[in-house]
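Here's the structure, in C-alpha cells; my notes come after.
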Amino acid sequence: MTTAAVIQPDSSDTYAHQALALIAQHRLLATTQLHQMLMPHTPSKKIHKVLVPLRTDGLITRTVLGARSGLQAHFLTPAGLQTVGDWPELRGRHLDLITSPTAAALRAAHALTGVRAHLAFLADARRRADEYQPLDWTPEVTHRLPDTGGEDRLVADAVFHYTATTPRRRHYRAFVEIDRTTMSSERLSRKLITYARLHDYTPQQAGRRQTVADQAATYAWQRFYPRFPRVLFILTGASRTTLTNRITDLRRMTADHELVTRFAAHVPLGAAVLEDLEERGPSNPVWTPLAGDAEPRGWMEL
C-alpha cells in the first residue's frame, strides 16, 4: 500500500507580491530599478509582465520621468496601499501614499537617487554572497529628539541592515544621508550634530530621577538598535571638486564641534561619491572617514 504524497503550499512569494512590497516600502521605483532588485539576470522585458497586471488591477500607477527617456516610475494607488497594509514584511513601517503622477515626478529625483545607492549595496552583497535583500533598506526613518531649541526629530534618508558572511559573520546597520548638493554644505554638515544629539538622547521618566546606570541602559536609540548605526553620507549631483570640498566640510565639523567629536569616537562615520559606489562597489576603498586619517576604505572598515 502506498502513501499519497502530501502536497505542501509554496512558501515563496510571487514576483507580483515582491514588486508590490518593494514599491510600498520605497514609495517610488523606476522600472529598471525593480528589474535590478527582483530579476537582474533575466531580460528586462520580464519585469513588465509583473507590473502590467498590478496596474490593470488598480494596485499601482506610474509617472513618466522625462519625455525623451520615457523612464517610468511606479507607486501605489489607495487600493494598493490598502492591500499591503497588513503584510508581515511591512509591519511597523510608515507607508506613504503619493497622491498623483505630478507629485511622484516632483519627489522622484531624491527618492530614486536613494534607490541607486541601495542598488549599489545590493549588487555588492550579491558579489560577496553577503545577506542583504531589497527590503533591507528602509527610506525616511524618523526618530524623536528632545526639544532643546534645535530640530525636534531626526529623519534619516534611509536605514539599512546588512550581514557580512566573510571572513566572519557580522551584522551591520547604517543611517544613510543622500546629498544631491541641493542644500548648503554647512546645512549638510549640521546633520552630524543632529545624529550626535540622537546618540546622547535619554528620555526622562516622569516622577523618577535616573541614576548613571539607568542612563547607560536607556538611550532612546536602544529601543530600535543593539548598537548605534554608523552614519554614511552619499554625495552626487556636482563636480568632483565640489563633492570633495563638501566631504572636507563634514570632516571639519567632526573635528571642530565637541559634541560631534565625542560622537565620532563611538560611531563610524564616512562619506563617498555615489558614482564611485556604482562603479567600484561600497565594500571597496571609496569612503572617506570623517574622523582620524582620511585614507579611503570600505564602509565596513570605517
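A few comments on the model shown:
- Entry note, segment 239-302: relative contact order of 28 percent, from Cα contacts under 8 Å with a spacing of 6+ residues.
- Calculated accessible area for segment 93-152 comes out at 51 Å² per residue, all protein chains present (probe 1.4 Å; ligands, DNA, RNA ignored).
- Interchain or long-range residues, amide H under 5 Å from residue 179's placed H: 234, 235, 236
- Estimated at the nearest 10 Å², the accessible area of residue 102 is 90 Å² with a 1.4 Å probe.
- Candidate values [x] 35, 25, 21; [y] 53, 22, 17; [z] 26, 23, 19 were compared with semi-axes √(5λ) of the Cα gyration tensor in Å computed on the shown model; the agreeing label is [x].
- Cα convex hull, segment 82-192: 169 Å³ per residue, rounded to a whole number.
- Subtracting the Cα-Cα distance of residue 171 and residue 89 from 0.36 nm times their residue separation leaves 27.6 nm of extension gain.
- Segment 152-302: relative contact order in percent, alpha carbon pairs under 8 Å with at least 6 residues between: 20
- Taking packing as the residue-averaged number of other Cβ atoms within 10 angstrom, the listed peptides 288-294, 136-142 run from highest to lowest as 136-142, 288-294.
- Relative to the longest principal axis of the Cα atoms of the chain, helix 46-56 runs at roughly 80 degrees.
- Value of relative contact order over the chain, rounded to a whole percent, pairs C-alpha under 8 Å and six or more apart: 12
- Restricting segment 62-101 to trypsin sites (Lys or Arg not before Pro) that sit in a DSSP loop and have at most 12 other Cβ atoms within 10 Å of their own Cβ leaves 68, 91.
- Within the accessible area of the chain (1.4 Å probe), percent carbon and sulfur: 51
- Accessible surface comparison of 246, 116, probe 1.4 Å, protein chains only, largest first: the order is 116, 246.
- Counting only DSSP beta bridges with both residues in the chain, the antiparallel share comes to about 70 percent.
- Förster radius 25 Å - calculated FRET efficiency between residue 186 and residue 239, Cβ distance, rounded to 0.05: 0.85
- The HN-Hα couplings worked out from phi for segment 69-82 by the Karplus form 6.51 cos²θ - 1.76 cosθ + 1.60 (θ = phi - 60°) are 6, x, 5, 10, 10, 10, 8, 6, 8, x, 5, x, 4, 5 Hz, whole numbers, x standing for Gly and Pro.
- Our coupling estimate for segment 264-279, obtained by passing each phi through the Karplus curve with A = 6.51, B = -1.76, C = 1.60 and θ = phi - 60°, is 5, 6, 10, 10, x, 10, x, 9, 8, 8, 4, 4, 5, 4, 5, 7 Hz, Gly and Pro reported as x.
- Most to least packed among 107-114, 252-259, 184-191 [average Cβ atoms within 10 Å]: 107-114, 184-191, 252-259
- Cα gyration tensor, segment 238-280 - rounded (a/c under 1.5), prolate or oblate: oblate
The values are calculated or read from the model by the stated rules, or taken from the named source; none is laboratory data. This structure is a prediction, so every number in the text was calculated from the model and none was measured. Virtual Cβ from ideal backbone geometry, glycine too; neighbours counted across all protein chains shown. Accessible surface is based on the protein model in full, side chains and every heavy atom, while ligands, DNA and RNA are left aside. Shrake-Rupley method; radii C 1.70, N 1.55, O 1.52, S 1.80 Å.
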